[in-house]
Amino acid sequence: MRLVADRLVRAYGPRRIFGPLSFRVEPGTVFGVSGQNGSGKTTLVKVLTGLVRPSSGGVYLEPASGGGPRTTPRDGTGRLGWCAPDLALYGELTPAENLEFFARVAGRPVAAPEADRRLAEVGLDPVRGRTVRTRFLSTGQRQRVKLAFSTLLDPAVLFLDEPGSNLDDAGRAVVEAVVARQKARGAVVLASNDPRELALATEGVSL
Amino acid sequence: MTGLSRSFVSEEEGGTAAPLRLTAPPAAVLLGKVLSNLVLLGVVSAFVVPLFLALMSFEIAGVPLFLAVLLFGGIGLGAASTFVAAIVAKTAAKGALFAVLATPLLLPPLVAAVTGTRIAATDPALSAGADVIRLLVAYDGVMLTAAFLLFDAVWRE
Amino acid sequence: MGVLSRVAQGILALAMLAVIWGSFLYAKPAANFIGESSRIVFYHVPMAWIASLAFLLAAGYSALYLKRRRVEDDEAAAGAARLGILFCLLATVTGSIFARVMWNSYWNWDPRETSIVLLLLVYGAYLGLRGAVEDPERKATLSAAYALIAFVTVPFLMFAVPRMYASLHPDTVINSSGKIQMSSDIKLVFFSSLAVFTAVFAWMYALDRKVSRIVREAALAEEGAVAR
C-alpha cells in the first residue's frame with residue numbers, strides 16, 4: 001500500500017499547526033518527519049494514522065501497483081501500526097496479554113507462542129512478558145512492548161514517533177530491526193529529532 | 001452513576017484509547033462498554049434492590065412487572081450513560097459535566113420506571129404496566145440505535 | 001443594507017402592529033376560558049412553535065456538521081439552540097401567566113411545565129458542553145453528537161411522559177380530534193401571529209449567522225496579523 005497525503009492541513013481554530021503538505025510514501029521506503037519540538041510532528045503522524053481528522057486535505061491508502069480502490073485510514077481498523085509517546089498499553093495486563101487482547105479486538109487473534117515470539121523480537125524475555133504486568137516494567141522495556149504492539153497486525157504502514165525514546169543502544173538496534181522488517185512488508189513513517197534515527201529515512205519532510 | 005461516568009475516562013487519560021481506536025471497530029468498543037456497564041448495573045441492583053425493599057418494608061405485588069421495569073429501565077440507563085461518558089471523557093470538566101449532560105436524557109426512563117414500580121406495588125398483573133414497558137422498550141431501542149449511529153463521531157471525532 | 005430588506009422590515013413592522021392590535025382588539029375572547037386569558041394563545045403558541053422549529057434546525061445542522069464538517073454548520077446549530085432557548089423561555093413565561101389566571105398558580109409542576117423545564121435543561125446542557133471544550137473542532141463534534149442524541153429523547157419528554165399523567169394544559173393545536181377548535185376571528189389573528197413571529201425569528205437567525213461569521217473572520221484576521 002502507498003500512503004498519499006494530499007494538501008494536508010491541520011489547524012487549531014484559526015491557528016494553523018502545519019500544512020499544506022503533499023507527499024507519497026511508497027512501500028519499502030522510510031519517510032522521515034523532522035522538525036523542532038512543537039513543530040507539529042506528532043500531530044502530523046496522528047493525522048496520517050487517522051487518529052486526528054485533517055482540517056482540510058486528505059490522507060489516502062492506495063495499492064502501490066496502481067488501480068484498485070483508494071481508502072482513507074479511517075475506513076477500517078487494524079491496517080496501520082503506530083508507536084508514539086502518547087501511546088499506552090494496559091498497565092494491569094502483562095505484555096503478552098496486551099498483544100493478545102489487541103489482536104483479538106482487531107479480529108485477528110494470535111496464539112500464545114506467536115505473542116511470545118513477537119516479544120522476543122523486540123528483545124523482551126518471554127517469561128517476563130508472561131509474568132510481569134506492563135505497569136511494573138521499566139520505561140525502556142515498555143517502549144519495546146509498544147514497538148511489538150505497533151507491528152502486531154503486520155501493518156501496511158508503520159508510524160514511529162520518536163521510537164528510540166528511553167531506549168539504550170541495544171534498544172536502538174531493535175528499532176533498526178523493526179524498521180528493516182517493516183520495509184519488507186510495507187512503508188514506514190518515522191518522526192524524530194534524533195539524526196541517528198532519521199538516517200534510516202530515504203526521503204522526508206521537515207516541519 | 002459515578003461508576004458509569006468513568007467508563008471512557010481511564011482509556012482517554014491512560015492513553016489506551018488510541019490503540020483501541022487503531023485496532024478495534026468502533027461499534028465493538030461501544031458494545032463492550034455498554035455491556036460491561038450493564039453488568040455493573042445488574043450486580044449493583046442485585047444487592048441494592050432487595051436491601052432497599054427489605055429496609056423500607058416495601059411490598060411488590062406484581063413481581064414480573066417490577067423485574068421488567070428494572071431490566072428495560074436498566075438497558076436505557078446504561079446505553080444513555082455510556083454514550084454521555086464517551087463525550088465527557090473528551091472534555092476537561094468530566095464529573096460535573098456528566099451530571100449536567102446525562103440528567104435530561106435519563107429523566108424519561110426514570111419517570112417511567114417510577115410509575116411502573118408504583119403500579120407493580122399494588123397490581124399483580126403484568127398487563128397493568130403495559131404503557132410503561134412500551135415506553136421503556138421504545139426508549140431503549142431509540143437510545144441504542146442513536147448511540148451506535150453517533151458513537152464513531154464521538155470516539156474518533 | 002439593501003433596499004429590499006428595508007422594505008421587508010417595514011412590512012414586518014406593520015404586520016406585527018396589526019397582529020398586536022388584532023390580538024387585543026379584534027379577536028373576541030374564547031369560550032371556556034376565564035376573562036381575557038385566551039388572548040395569550042396568540043403569543044404563547046407561536047413562541048412554542050418557534051422553539052420547536054429552532055431545536056429542529058439545531059438538530060438538522062448538527063447532523064449536517066457531522067456529515068460535511070463545515071464550521072458554518074456548527075455555528076448554525078449553536079445559534080439555533082440559543083434562539084430556541086430564548087423562545088422556549090418566552091413560551092414558559094407566557095404559559096405561566098396563563099396558569100396564574102386560569103388555575104390561580106404560576107407554577108404547579110404540571111406535566112407540561114415539567115417537560116418544558118427538561119427541554120430547557122437539555123439545551124442548557126448543550127451550551128454547557130460547548131463552553132467546556134476548548135478545541136473548536138472537538139467542541140463542534142461533541143456538541144453535534146449530543147444535540148442529536150438529545151433530540152431523539154425530546155419526543156419522550158414532550159409527548160410520551162406527559163401523556164402518562166393527566167395534564168391541565170388545553171388541547172394542543174395539533175390535537176387528537178385533528179380539528180382546530182377556534183372561531184374564525186381567532187383563527188385569523190392566530191395564524192397571522194404565527195407567520196409574523198416566524199418571520200421575526202428568521203430575521204434574528206439571519207443576524208445571528210452574520211455575527212458568527214464576522215467573529216470567525218475577525219479571529220482569522222487577528223491570527224494572520226500575529227503570524228506576520
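Every number here is computed from the coordinates shown, using simple stated rules; none is lab data. Predicted model only: the values in this text are computed from it and were never measured. Don't worry about glycine lacking a Cβ; one is built from the backbone with ideal geometry, like all the others, and counts go over all protein chains shown.
Just in the range C:78-144: which chymotrypsin sites (Phe, Trp or Tyr not before Pro) are loop by DSSP and have at most 14 other Cβ atoms within 10 Å?
For chymotrypsin sites (Phe, Trp or Tyr not before Pro) across the range C:78-144 that sit outside H, G, I, E and B with at most 14 neighbouring Cβ atoms in 10 Å, the list reads C:Tyr106, C:Trp107, C:Trp109.
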Rounded, prolate or oblate (a/c below 1.5 giving rounded, otherwise prolate when a/b exceeds b/c) for the protein assembly as shown by Cα gyration tensor | oblate
Taking the protein assembly as shown, the lysine pairs whose C-alpha atoms sit under 28 Å apart (8 or more places apart or on different chains) add up to 29
Whole-Å semi-axes of the ellipsoid equivalent to the range B:2-155 (Cα gyration tensor, √5λ, descending) = 32, 16, 13
Each residue of C:136-149 has, on average, a number of other protein chain C-beta atoms within 10 Å of its C-beta equal to 6
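Classify the range C:1-132 as rounded, prolate or oblate from the Cα gyration tensor: take a ≥ b ≥ c as the square roots of its eigenvalues, call it rounded if a/c is under 1.5, otherwise prolate when a/b beats b/c and oblate if not. The partial results should precede the final answer.
On the way: a/c = 3.31, a/b = 1.31, b/c = 2.53.
The shape class here is oblate.
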Tensor-based shape of the range C:4-70 (alpha-carbon gyration tensor, a/c under 1.5 rounded, otherwise prolate or oblate) | oblate
Shielding by partners - mean other protein chain Cβ count within 10 Å, residues of A:101-108 | 4
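Tally the DSSP beta bridges in the protein assembly as shown and give the antiparallel ones as a percent, rounded to 5.
45
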Packing-ranked peptide list from C:59-67, A:195-203, highest mean Cβ count within 10 angstrom first, is C:59-67, A:195-203
Can you give the mean number of other chain Cβ atoms that lie within 10 Å of the Cβ atoms in peptide B:104-117?
-> 5
Compute the relative contact order of the range B:2-155 as a whole-number percentage, counting only Cα pairs closer than 8 Å that sit 6 or more residues apart in sequence.
-> 36
With Cα springs under 10 Å, the Gaussian network model of chain A assigns the largest mean-square fluctuation among A:Arg24, A:Arg117, A:Arg15 to A:Arg15
For the range A:23-29, in order, what is each residue's ³J(HN,Hα) by Karplus, 6.51 cos²θ - 1.76 cosθ + 1.60 with θ = phi - 60°, in whole Hz (x at glycine and Pro)?
-> 7, 10, 10, 8, x, x, 10
The alpha-carbon center of the range A:121-161 and that of the range A:14-75 are separated, in whole Å, by 24
Would you mind finding the longest exposed-site-free stretch of chain C, with exposed GluC sites (Glu not before Pro) meaning DSSP loop and at most 15 other Cβ atoms within 10 Å?
-> C:37-133
In Å, the Kirkwood hydrodynamic radius from C-alpha pairs for chain C sits at 19.6
Pairwise FRET efficiency - C:Glu36 versus C:Val7, Cβ, R0 = 41 Å, nearest 0.05 | 0.75
Ordered by residue, what ³J(HN,Hα) values in Hz, to whole numbers, does the range B:131-145 give under the Karplus form 6.51 cos²θ - 1.76 cosθ + 1.60, where θ = phi - 60° and Gly and Pro are x?
-> 4, 5, 4, 4, 4, 5, 5, 4, 4, 4, x, 5, 5, 5, 4
First measure r as the distance between the Cβ atoms of A:Tyr12 and A:Asp154, then evaluate 1/(1 + (r/R0)^6) with R0 = 60 Å and state the FRET efficiency to the nearest 0.05.
-> 0.95
